[in-house]
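Novice: Below you'll find the structure I mean.
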Amino acid sequence: MSAPKREHVMPPRPLMPWTMALCAGLCVSCVLVLNVAADAMLGEQASAVGALVVISVATSLCMVLARSCERFALWKRWLYAAAFGLLAGSIVSAWWAVGALSASKALDGRAASGLEFVVQGDPSINDDVYSYTCEARADGKNLATVRLSCDRELRIGAHVRVIGRISHFENDAYGRSRVLRGELRKVKVIRLVSVDEGSPGPLLRLRNWLLASIAPATDPARSLIAGVVCGRSAELRAQPAGDWFSVTGTAHLIAVSGSHLAIVGFVIEGVLQKTRCSRGLQRAILAITLVGYAAFTGASPSAVRACCMVFATLVVNGAGRRRHGASALFVTMSIFVLLRPTVLFEMGFQLSCASVFAILCFCPYATYALGVLGVPPGIASMLSVTLCSQLATLPITIPAFGAFSLIAPLANAVIGPVVSLLLAVSIVLVPFSLVAPLQAWALVVPMIAARCALFFEQLFAAVPGASVSVPPDSMWIYLVPCLLAVLLVWWPRPRARPMAVGLACLVLLAAIPYIYWDRFAPPSVTVLDVGQADAILVRQGGAVALVDCGLDERVVSALVRNNVHHIDAVFVTHWDEDHWGGLPDVLDQFSVGTIVVAIDALDGAPAEVLNRPGVMYRQVACGDTVDIGAFRTRVMWPFDTVDGEGNEDSLVLLLSYAQEGKSLRVLLTGDAELDQEREFVREVGDIDVLKLGHHGSKVSVDTDLLGTLKPELSIASAGEGNRYGHPSDACIDAVKEAGGEFACTIEHGDITVSPTAKGFAMRCQRP
């Protein structure tokens, strides 16, 4: 007899707990007060009166409405909870703000050499510069939290003395984000005087031993193992492989969160079930183990949030009560905010809470809807988790990254199980690498799983249109949470035919960006954010050109997020590696028509870029022109033949656009410096935009040169915390003295300028 067909049951609308109102009140008041405090610390003249009035009025209104809702006990509870949240949030955030302002004043006038810095967490790595969150101490007392940058790795808990420079954060998006996270100053290290590793605790000592055994900096697969096992993803994110996870929408797989704890818990529970321990003792051991693992991986907000929810579930189950995920989530969030209000501005916390809330609310509904369409239950479950999480986090990810991954559902369905397998085998086998006789084979299986995951990541990231660029300031992204709220209230029964029509329309809509960018791209010049290197994208219609190729594979990620599918011409200004290093990867990933270099510079070309099948090679001299769609590109330098080896050999290109009443003139200078620029600057004349030479070094421009060119905007391409100090203060001051605006990829990411009827418009990847 055949098995009965499984019946699909329409999931009920999820119940929203009153703790949601409490959490919302806390978050609103904290955001208002902390932004006022950030304004004060960044030098803005801001008054706290407006925020206090809003909080007071909102709290009073909630209390009045609650008093008048005697017949509606549910609404009464919600209103009282919201009022209490607003009041409590304003108190804890004001307490933090007063302490931060006092700490900020305590740092005024202090020299870096008079302080001791204690490293608080793993670094972020950019162009071999390590940036850490540190506690600044004087006479054994904590003064403030700062952002310290140096050229070497430091361990968590290390006590460091340095010679360096303490400065305020700039009043821009990056500076505000760091201050809102509690970092009051930035410290640039000139020289490390002493480093005391201290005496780390047993968990931290074990973590350091495992990281030393894994050696994450030596191989992308090892860096992935370090990320999923130890929660250290700095090395992976610093490599081009880290960008694959962003393009494919799978970055959450390397962040320690609920899924990681679930796998670790599954392994531990499997071991405990083989013992004769009581159920209560098993739960206690499991809870302690998960807490220890969260601490072991660095105690990130997402990991601690997941750990608290698991712990709450274990307590509720042990007490015989019905568990409710949304209640656990909002209670956990409220505790976090009360203990440390700045956690609200940490992206990991935001992403974790938003995705978990969406999964709790909509995942059963999405699974049921996909089942109605005939999708197998296992696949429907995986797809629904990804879709719910991705849609709920759009208002967070798009302003931060300016891109939306179209391939994320498929990539998560394929790569998610591989990473889960990697974590499961790694937590069992990697500890054996600490035993000398077993070290040779302990990482064999984890390395195979890691290489498999990276293979699929690279495969999906290379798919044309895998990720589409979205303006960070697009208002439509906030329509998505509004639609999810409507769905939560409406909760309609899914029907196969309307959903099939809707999905077909979505597929067609997804194809529109590909066709648009491939054939109808508007005229634009984009200085790509590729670290301490140069890469400039020029496009109009179906014509695409790239001026320089960065240092490594990051240029491929930058092109993908800007929806580039083919390249007609690549101009290599000269043979410094930070201008051509990414060219082999570009040639491997894209169809390239022509490589253009200065006259006679082809003789000095690296072997990796020569004799490529289907690629033409062209040498241009001063005065030659190349058309890129409606852009006319004119070579302004060099005057004579060159070998392309030095900065003075750089191709200098003048881009001119004039069509349909719109015009734009952009000068791209490569690494050319003042001595070369003075030779041709008068012939160039007035321009709109200047791409500063040599990453904005002090010898790239001066006031006389800027007085001739009269650029309204000058752009520097540089890497955060680079060892050269680019862009230099002298360059920035010269631009501002000349009356122009200055922008840099460090703060703004990709910077795009487009011609308009009234001049030009600028759009940045990061606001």
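The values are calculated or read from the model by the stated rules, or taken from the named source; none is laboratory data. Not measured: the values here are computed from a predicted model. Don't worry about glycine lacking a Cβ; one is built from the backbone with ideal geometry, like all the others, and counts go over all protein chains shown.
Novice: What pairs come up if the first residue lies in the range 497-526 and is under 17 Å from G629 (Cα atoms), the second is exposed (fewer than 15 other Cβ atoms within 10 Å of the Cβ), and their beta carbons are under 6 Å apart, counting only those six or more places apart or on different chains?
Specialist: R519/G542
Novice: Give me the residue from the range 564-614 that is polar (S, T, N, Q) and outside any strand (DSSP E or B) and, out of that set, surrounded by the most Cβ atoms within 10 Å (Cβ to Cβ).
Specialist: Result: T573.
Novice: Turning to a different aspect of this structure: Restricting attention to the range 613-643, which residues are touching a Pro at 6+ places or on another chain (Cβ under 9 Å) and more than 26 Å from K662 (Cβ to Cβ)?
Specialist: Passing the criteria: A621, C622.
Novice: Restricting attention to the range 402-432, which residues are crowded, with 22+ Cβ neighbours inside 10 Å and polar (S, T, N, Q)?
Specialist: S405, N412, S426
Each row is one residue, and each column tells you yes or no for (1) surrounded by 20 or more Cβ atoms within 10 Å (Cβ to Cβ); (2) farther than 22 Å from S420 by Cβ; (3) at pLDDT 80 or above.
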position	(1), (2), (3)
S194	no, yes, yes
L204	no, yes, yes
S233	yes, no, yes
L236	yes, no, yes
S259	no, no, no
L290	yes, no, no
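Novice: Looking only at helices (runs of 4 or more DSSP H) that lie completely in the range 416-511, which have at least 3 residues being among the β-branched types (V, I, T)?
Specialist: 444-461, 479-490
Novice: Here is a further query. Restricting the first residue to the range 221-242 and requiring it to be more than 20 Å from Y293 (Cβ to Cβ), which pairs with a second residue that is modelled with pLDDT under 85 meet a Cβ separation below 7 Å and a spacing of at least six or different chains?
Specialist: E235/I125; A238/I125; A238/N126; P240/E553; P240/S557
Novice: Could you tell me how many of the residues in the range 33-47 are crowded, with 17+ Cβ neighbours inside 10 Å and without any contact (Cβ under 8 Å) to a residue 24 or more places away in the chain?
Specialist: Summing the residues that are crowded, with 17+ Cβ neighbours inside 10 Å and without any contact (Cβ under 8 Å) to a residue 24 or more places away in the chain in the range 33-47 gives 1.
Novice: Can you work out which of the residues in the range 162-172 that are over 19 Å from D128 (Cα atoms) and crowded, with 17+ Cβ neighbours inside 10 Å is modelled with the highest pLDDT?
Specialist: My answer is I166.
Novice: Mind listing just one residue for me: the one in the range 532-549 that is among the small types (G, A, S) and buried (at least 23 other Cβ atoms within 10 Å of the Cβ) and, of those, nearest to R723 (Cα to Cα)?
Specialist: Filtering the range 532-549 for residues that are among the small types (G, A, S) and buried (at least 23 other Cβ atoms within 10 Å of the Cβ), the one nearest to R723 (Cα to Cα) comes out as A533.
Novice: A follow-up question, please. Please work out if D529 is of a type in the set (D, E), within 24 Å of L394 (Cα to Cα) and surrounded by 10 or more Cβ atoms within 10 Å (Cβ to Cβ). Don't jump to the end; show me each part of the working.
Specialist: Values: of a type in the set (D, E): yes; within 24 Å of L394 (Cα to Cα): yes; surrounded by 10 or more Cβ atoms within 10 Å (Cβ to Cβ): yes.
So D529 passes the test.
Novice: Suppose we filter A144, A158 for residues that are over 17 Å from K186 (Cβ atoms) and of a type in the set (A, V, I, L, M); which single one remains?
Specialist: Answer to the selection: A158.
Novice: While we're on this one: Scanning for something more than 19 Å from the chain's Cα centre (by Cα), not in a helix (DSSP H, G or I) and not acidic (D, E), does the range 398-405 turn up at least one residue?
Specialist: No: zero hits.
Novice: Let me ask something else about it. Pairs under 6 Å by beta carbon, first residue closer than 15 Å to M16 by Cβ in the range 472-494, partner assigned to a helix (DSSP H, G or I) and charged (D, E, K, R), six or more apart or different chains?
Specialist: Qualifying pairs under 6 Å: none.
Novice: Pull up the range 523-563, narrow it to residues that are modelled with pLDDT under 90 and under 16 Å from the mean Cα position of the chain (by Cα), then point me to the one that is farthest from V597 (Cα to Cα).
Specialist: The selected residue is R561.
Novice: Among the residues of the range 359-379, is any under 14 Å from G249 (Cβ atoms), touching a helix residue (DSSP H, G or I) at 6+ places or on another chain (Cβ under 6 Å) and modelled with pLDDT of 85 or more? Step through it out loud before you land on a result.
Specialist: Of all residues in the range 359-379, those under 14 Å from G249 (Cβ atoms) come to none.
No - not one qualifying residue is present in the range 359-379.
Novice: I need a count of the residues in the range 307-328 that are at pLDDT 75 or above and hydrophobic (A, V, I, L, M, F, W, C). Break it down into steps so the answer makes sense when it comes.
Specialist: First pass over the range 307-328, keeping only residues at pLDDT 75 or above: 325-328.
Among the residues that remain, those that are also hydrophobic (A, V, I, L, M, F, W, C) are: 326, 328.
Of the residues in the range 307-328, 2 are at pLDDT 75 or above and hydrophobic (A, V, I, L, M, F, W, C).
Novice: Scan V304, V271, V331 and give me the residue that is surrounded by 17 or more Cβ atoms within 10 Å (Cβ to Cβ) and either at pLDDT 80 or above or farther than 30 Å from S177 by Cα (or both).
Specialist: V331
Novice: Which residue out of L286, L339 is at pLDDT 75 or above, among the aliphatic types (A, V, I, L, M) and under 30 Å from T133 (Cα atoms)? Steps first, please.
Specialist: Details: L286 fails: under 30 Å from T133 (Cα atoms).
Selected residue: L339, the only one of L286, L339 that is at pLDDT 75 or above, among the aliphatic types (A, V, I, L, M) and under 30 Å from T133 (Cα atoms).
Novice: Could I ask something else about it? From (1) closer than 21 Å to G629 by Cα; (2) hydroxyl-bearing (S, T, Y); (3) out of contact with any strand residue (DSSP E or B) (no Cβ under 7 Å at 6 or more places or on another chain); (4) buried (at least 20 other Cβ atoms within 10 Å of the Cβ), pick out the condition that doesn't hold for S557.
Specialist: Every listed condition holds for S557 apart from (1).
Novice: Against the definition (more than 24 Å from R205 (Cα to Cα), surrounded by 15 or more Cβ atoms within 10 Å (Cβ to Cβ) and modelled with pLDDT of 75 or more), how does L253 come out, yes or no?
Specialist: The answer is yes for L253.
Novice: What residue, of A511, A462, is surrounded by 10 or more Cβ atoms within 10 Å (Cβ to Cβ), within 20 Å of the chain's Cα centre (by Cα), modelled with pLDDT under 80 and among the small types (G, A, S)?
Specialist: A462
Novice: Let me ask something additional. Out of everything in the range 547-563 that is outside any helix (DSSP H, G or I) and polar (S, T, N, Q), what residue ends up being nearest to L406 (Cα to Cα)?
Specialist: Looking at the filtered set, the residue picked out is N563.
Novice: Another one. If I go through the range 243-283 residue by residue, how many of them are touching a residue at least 12 places away in the same chain (Cβ under 8 Å), β-branched (V, I, T) and farther than 23 Å from L329 by Cα?
Specialist: Counting residues in the range 243-283 that are touching a residue at least 12 places away in the same chain (Cβ under 8 Å), β-branched (V, I, T) and farther than 23 Å from L329 by Cα gives 4.
Novice: Here's a follow-up. Six or more apart or on different chains, Cβ under 7 Å: which pairs go from a residue in the range 55-83 that's over 20 Å from V31 (Cα atoms) to one that's in a loop (DSSP other than H, G, I, E, B) and modelled with pLDDT of 80 or more? Could you list them?
Specialist: R77/W18; W78/W18
Novice: Taking L667 as the residue in question, decide whether it is touching a Gly at 6+ places or on another chain (Cβ under 8 Å) and either surrounded by fewer than 22 Cβ atoms within 10 Å (Cβ to Cβ) or within 25 Å of F760 (Cα to Cα) (or both).
Specialist: Considered against the rule, which asks whether it is touching a Gly at 6+ places or on another chain (Cβ under 8 Å) and either surrounded by fewer than 22 Cβ atoms within 10 Å (Cβ to Cβ) or within 25 Å of F760 (Cα to Cα) (or both), L667 comes out as no.
Novice: Quick check: is even one residue across the range 136-147 touching a helix residue (DSSP H, G or I) at 6+ places or on another chain (Cβ under 9 Å) and among the charged types (D, E, K, R)?
Specialist: Scanning the range 136-147, I find at least one residue that is touching a helix residue (DSSP H, G or I) at 6+ places or on another chain (Cβ under 9 Å) and among the charged types (D, E, K, R), so the answer is yes.
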